[in-house]
1. Based on this model, can you work out whether residue 165 counts as part of a strand (DSSP E or B) and either at pLDDT below 95 or surrounded by 17 or more Cβ atoms within 10 Å (Cβ to Cβ) (or both)?
2. Looking only at residues in region 10-32 that are closer than 15 Å to residue 87 by Cα and in contact (Cβ under 8 Å) with a residue 60 or more places away in the chain, which one is surrounded by the most Cβ atoms within 10 Å (Cβ to Cβ)?
3. Can you say whether residue 112 is more than 26 Å from residue 160 (Cβ to Cβ) and either in the same structural domain as residue 53 (by TED's automatic domain parsing) or modelled with pLDDT of 80 or more (or both), as far as the supplied structure shows?
4. Report, by residue number, each residue of region 101-146 that is closer than 29 Å to residue 47 by Cα, free of Cβ contacts under 8 Å to residues at least 24 places away in the same chain and not in a loop (DSSP other than H, G, I, E, B).
5. I'd like to know if region 146-161 contains one or more residues that are outside the structural domain of residue 30 (by TED's automatic domain parsing) and at pLDDT below 85.
6. Scanning for something more than 20 Å from residue 104 (Cβ to Cβ) and in contact (Cβ under 8 Å) with a residue 40 or more places away in the chain, does region 58-72 turn up at least one residue?
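The values are calculated or read from the model by the stated rules, or taken from the named source; none is laboratory data. Since this is a predicted model, take the numbers as computed values, not measurements. Glycine also receives a Cβ, built like all others from the backbone with ideal geometry; neighbour counts cover every protein chain displayed.
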């Protein structure tokens with residue numbers, strides 16, 4: 001049996017600082033949770049059958065009185081801290097089948113997509129499209145069967161907010177034919 005353990009705390013921090021801000025209908029920040037749920041969904045779609053996500057809460061104890069700054073939540077952005085319970089409740093499912101977890105994650109992602117639609121936040125996922133320097137950031141050039149200057153691989157999706165580039169997509173672009181030889 002293969003068990004996949006995801007460090008939820010690390011993933012929340014990573015997505016909080018890498019993803020654009022996103023708020024649900026109640027005004028809560030949910031962008032990092034969306035990123036973690038996408039990671040989990042990607043693992044399930046990739047064939048993972050046993051997935052666990054662990055988060056680490058700050059537990060204050062008598063040690064906090066002994067040593068200044070010992071495991072406190074000081075300095076953590078309140079919008080990030082508030083996403084821990086949301087992530088845990090989104091993934092709380094004892095003995096759930098991969099199909100049930102997938103359905104729950106997909107439902108949550110649909111709700112977030114609806115919230116993104118309301119504020120006109122659109123993903124830039126340009127695989128197979130012609131390279132556009134206004135929306136894409138070329139990280140490398142690769143050989144490929146596609147026409148020159150076609151996005152062959154997307155390393156990181158980009159985002160548009162109300163038709164303005166919030167973050168360009170990081171991509172690999174096919175080389176012109178004369179350079180491919």
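1. Numbers: part of a strand (DSSP E or B): yes; either at pLDDT below 95 or surrounded by 17 or more Cβ atoms within 10 Å (Cβ to Cβ) (or both): yes.
It is true that residue 165 is part of a strand (DSSP E or B) and either at pLDDT below 95 or surrounded by 17 or more Cβ atoms within 10 Å (Cβ to Cβ) (or both).
2. Let us first name the residues in region 10-32 that are closer than 15 Å to residue 87 by Cα, namely 10-16, 22-24, 28-32.
Applying the additional criterion that residues be in contact (Cβ under 8 Å) with a residue 60 or more places away in the chain yields 12-13, 16, 22-24, 30.
Values: 12: 23, 13: 16, 16: 21, 22: 20, 23: 16, 24: 16, 30: 27.
Result: 30.
3. Values: more than 26 Å from residue 160 (Cβ to Cβ): no; either in the same structural domain as residue 53 (by TED's automatic domain parsing) or modelled with pLDDT of 80 or more (or both): yes.
The answer is no for residue 112.
4. The answer is 103, 104, 107, 110, 113, 114.
5. Residues of region 146-161 that are outside the structural domain of residue 30 (by TED's automatic domain parsing), as a first pass: 146-161.
From the residues that got through so far, the ones that are at pLDDT below 85 too are 161.
For region 146-161, residues outside the structural domain of residue 30 (by TED's automatic domain parsing) and at pLDDT below 85: present.
6. We begin by selecting, within region 58-72, every residue more than 20 Å from residue 104 (Cβ to Cβ); these are 58-72.
Now narrow it down to the ones that are in contact (Cβ under 8 Å) with a residue 40 or more places away in the chain: none.
No, every residue in region 58-72 fails to be more than 20 Å from residue 104 (Cβ to Cβ) and in contact (Cβ under 8 Å) with a residue 40 or more places away in the chain.
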